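Report on the structure given below.
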Amino acid sequence: MQEIMQFVGRHPILSLAWIGLLAAVLFTTFKGLASKVKVITRGETTRLINHEDAVVVDVRSRDDFRKGHIANAINVPAGDIKKGTFGELDKYKEKAVIVVCSNGVSSQEPATLLHKAGFAKVSLLKEGISGWSGENLPLVRGK
């Protein structure tokens with residue numbers, strides 16, 4: 001314990017940075033555990049699509065969506081969801097909904113908003129489209 005106190009005394013900025021990082025890790029961990037939106041793997045996504053007829057909602061821009069998306073995905077940009085404009089998604093409130101973005105990070109807020117809007121089962125694709133294509137899983141172009 002005395003060694004730790006000496007280290008903190010000699011390196012206060014480094015110690016504060018370490019405490020800040022620890023707090024950030026704990027915050028994100030507990031936030032993820034308490035979230036109603038589940039982060040799922042590519043395998044779980046495939047299972048939900050094939051066996052539970054899940055709906056894939058791609059929140060990327062229309063241009064990015066046209067460059068490559070999961071088959072039968074519905075493109076509703078994140079900005080539209082933030083405005084409360086769900087388009088054709090309203091009819092899927094009782095189905096499993098998988099929210100997809102470029103990297104799995106920017107889809108958190110739209111997914112939370114969908115859950116708050118009454119969508120029953122909302123999930124996020126871990127690592128987004130980049131992880132999906134990195135596993136050589138199929139993408140559809142155009143549309």
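The values are calculated or read from the model by the stated rules, or taken from the named source; none is laboratory data. These numbers come from a predicted model, not from an experiment. Glycine gets a Cβ as well: all are built from the backbone with ideal geometry, and neighbour counts include every protein chain shown.
Would you mind telling me which numbered condition in (1) at pLDDT below 90; (2) surrounded by fewer than 18 Cβ atoms within 10 Å (Cβ to Cβ) S130 fails?
(1)
Which of (1) more than 22 Å from R42 (Cβ to Cβ); (2) touching a strand residue (DSSP E or B) at 6+ places or on another chain (Cβ under 8 Å) is the odd one out, the single condition H115 does not satisfy?
With respect to (1) more than 22 Å from R42 (Cβ to Cβ); (2) touching a strand residue (DSSP E or B) at 6+ places or on another chain (Cβ under 8 Å), H115 is out only on (1).
Check I98, I81 and return the single one that is touching a residue at least 12 places away in the same chain (Cβ under 8 Å) and in contact with a strand residue (DSSP E or B) (Cβ under 7 Å, 6 or more places away or on another chain).
After ruling out the rest, the residue left standing is I98.
I'd like to verify a number: residues in segment 113-132 that are in contact with a helix residue (DSSP H, G or I) (Cβ under 6 Å, 6 or more places away or on another chain) and not in a helix (DSSP H, G or I), how many?
Residues meeting the conditions: 3.
Which condition number in (1) within 29 Å of G142 (Cβ to Cβ); (2) surrounded by 10 or more Cβ atoms within 10 Å (Cβ to Cβ) is the one that G84 fails?
Unmet for G84, out of (1) within 29 Å of G142 (Cβ to Cβ); (2) surrounded by 10 or more Cβ atoms within 10 Å (Cβ to Cβ): (2).
Looking only at residues in segment 118-143 that are touching a Lys or Arg at 6+ places or on another chain (Cβ under 7 Å) and free of Cβ contacts under 8 Å to residues at least 60 places away in the same chain, which one is nearest to R47 (Cα to Cα)?
For segment 118-143, the residue satisfying everything is A120.
For every residue, the table says whether it meets (1) crowded, with 19+ Cβ neighbours inside 10 Å; (2) at pLDDT 95 or above; (3) at positive phi.
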position	(1), (2), (3)
N72	no, no, yes
E88	no, no, no
L113	yes, no, no
K116	no, no, no
L139	no, no, no
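If you take just the helices (runs of 4 or more DSSP H) that sit entirely in segment 1-112, which of them hold at least 3 residues that are closer than 26 Å to S130 by Cα and not assigned by TED's automatic domain parsing to the domain that holds L125?
So the answer is 12-34.
Could you tell me how many of the residues in segment 8-37 are loosely packed, with under 14 Cβ neighbours inside 10 Å and modelled with pLDDT under 90?
9
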